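FYI, it's all coordinate maths here, none of it is from the lab. Because the structure is a prediction, the values reported are computed rather than measured. Cβ coordinates were reconstructed from backbone atoms using ideal geometry, including for glycine residues, and neighbour counts include every protein chain displayed.
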Amino acid sequence: MPVVLSLAVVGFIAQLVFSRDHGALNAVLGGGGNPTDRLGDSDLNIWIILLAAAWRHTGYVMILYLAGLKAVDPSLKEAAAIDGASGTQTFFRVVLPTLRPRQHHRR
C-alpha cells in the first residue's frame, strides 16, 4: 500500500506517528508530561523524513526480493543441507550469493 501513496500522504502519516503533541510513537512510548519532539529536533528530523520516504518503497523492494527467493534452485539448498550447513550458513553462503546479479564477461 505505501507504494501507491503520494509522498505528501506519506509525510502526513509520518506526522501522525512522530508528532510531539498527538504522535502515536509518543503515546506508545509513554511520552507523559515531557513528550519528545522528533520532527522539531534538527539532529533527528532528516532521519525521520528518510525513514518515511524509504518506508514508501519497502513493499516494492520486498516483492522483488521474494521473487528472487522463489528463483533460487531448491537443489542448491538441499545440497547445502546434505553437506551439513545450518540454515544461517545456507542463507549467507548459498541463497544470498544466488540473488546477486550475474556479471557478463566481455571477450
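Of everything listed in (1) outside any helix (DSSP H, G or I); (2) farther than 21 Å from LEU99 by Cα, the single unmet condition for ILE48 is (1). Which of the residues spanning region 48-63 are among the aromatic types (Phe, Trp, Tyr) and surrounded by fewer than 12 Cβ atoms within 10 Å (Cβ to Cβ)? Hit for region 48-63 is TYR60, nothing else. Each residue in region 70-85 was checked for being closer than 9 Å to THR98 by Cβ, under 25 Å from the mean Cα position of the chain (by Cα) and assigned to a helix (DSSP H, G or I), and 1 of them qualify.
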